[in-house]
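Written below as structure tokens is the structure these notes are about.
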Amino acid sequence: VDYQTQYFKRLKDRQEVANTIKYYSIKSRLKNDSIKAAFVNASKTVEETKNQRNLIISIVLILGGISYVLYRKYSKKVSTTLLESENTIKLQELQLEESVREKEEVAEQLEKFKNKLAENYKIVNRIKNSSNNASEDLKELQKSTILTSEEWEDFKKLFSKVFPVFLEKLKIVNPNLSNAEIRYLCLVKLDLSPLEIASSLGVSPASLRVTWYRIRKKIKIIEDLTPLEFIEKYV
């Protein structure tokens with residue numbers, strides 16, 4: 001009996017040892033599997049991270065390349081635009097200088113014309129008051145001072161360059177003004193005296209008063225203005 005008892009006890013002990021060994025063996029295998037799985041996962045994560053990093057680097061390089069190309073293109077466009085702007089400004093400056101120079105030259109010519117009219121008036125007046133018989137000379141000189149239709153066209157071009165909006169404003173004030181009335185107002189604008197204007201147009205001062213009366217009536221001027229005051233206020 002004691003022998004059987006000991007036998008079964010030893011058998012049980014061996015079974016427990018075997019179970020214990022088996023348990024630790026399974027536990028060790030599971031642990032190894034877990035470590036292996038963790039390693040695989042870690043490797044996968046590292047690979048994914050590496051791929052992401054490479055993708056990010058590629059995107060950065062591509063964006064950098066695109067940015068550089070766009071910068072070069074924009075920089076070239078800006079440089080071209082600046083160059084064109086500078087050339088445009090220089091051209092405008094030259095045109096402005098030319099315009100100022102031309103206007104000064106035209107103003108000088110118009111001033112000479114004005115002085116000529118005034119000088120001719122003095123000569124005409126002196127011949128009129130002379131005791132000598134110079135009627136033929138007087139007639140010739142008066143002809144030379146009259147603003148004829150042909151001379152008027154040249155004078156109008158010259159006048160319009162110095163006073164570019166004057167004639168247009170006259171049309172706005174009243175489009176029915178006659179050529180004679182417009183000529184009269186242009187000579188008033190040049191600040192010529194009534195006697196000088198009369199001499200230039202080959203008419204009498206009384207005729208100028210009639211011209212001014214007609215202008216006032218057309219424009220319906222109620223105020224008591226001189227021709228020059230009218231021009232300064234309305235033209």
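The values are calculated or read from the model by the stated rules, or taken from the named source; none is laboratory data. Just so we're clear, the structure is a prediction, and the values are computed from it rather than from any experiment. Note that each Cβ is placed from the backbone with ideal geometry, even for glycine, and that neighbours are counted across all protein chains shown. Remember, those area values only see protein heavy atoms, side chains included, never the ligands or the DNA or RNA. Shrake-Rupley method; radii C 1.70, N 1.55, O 1.52, S 1.80 Å.
Tabulated values for the structure
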read-out	value
Relative contact order (%) - criterion: Cα under 8 Å, at least six apart; region: the chain	18 percent
C-alpha long axis of helix 135-145 to longest principal axis of the chain, angle in °	10 degrees
Selected from GLU102, GLU48, GLU196 as most flexible by GNM, with the chain as the system and alpha-carbon contacts under 10 Å	GLU48
Cα Rg, Dmax, the chain, angstrom units	54.7, 190
Cα-centre dipole for the stretch 72-113 with unit charges at Cβ (Lys and Arg positive, Asp and Glu negative), debye to 20	700 debye
Portion, in percent, of the accessible area of the chain that falls on carbon or sulfur, probe 1.4 Å	57 percent
In the stretch 1-105, lysine pairs closer than 29 Å at Cα, eight or more apart or cross-chain	17
Selection from LEU158, LEU83, VAL17 lying farthest towards where the dipole of the chain points positive, charges on Cβ	VAL17
Cβ charges +1 (Lys, Arg) and -1 (Asp, Glu), total dipole of the chain, debye	2380 debye
Proximal lysines relative to LYS171, as straight alpha-carbon distance under 18 Å, when same-chain residues fewer than 8 apart are discounted	LYS156, LYS157, LYS161, LYS189, LYS217, LYS218, LYS220, LYS233
Principal axis dimensions, the stretch 151-198 - Cα atoms, whole angstrom, descending	28, 21, 18
Accessible area in square angstrom per residue, the stretch 171-235, 1.4 angstrom probe	58 Å²
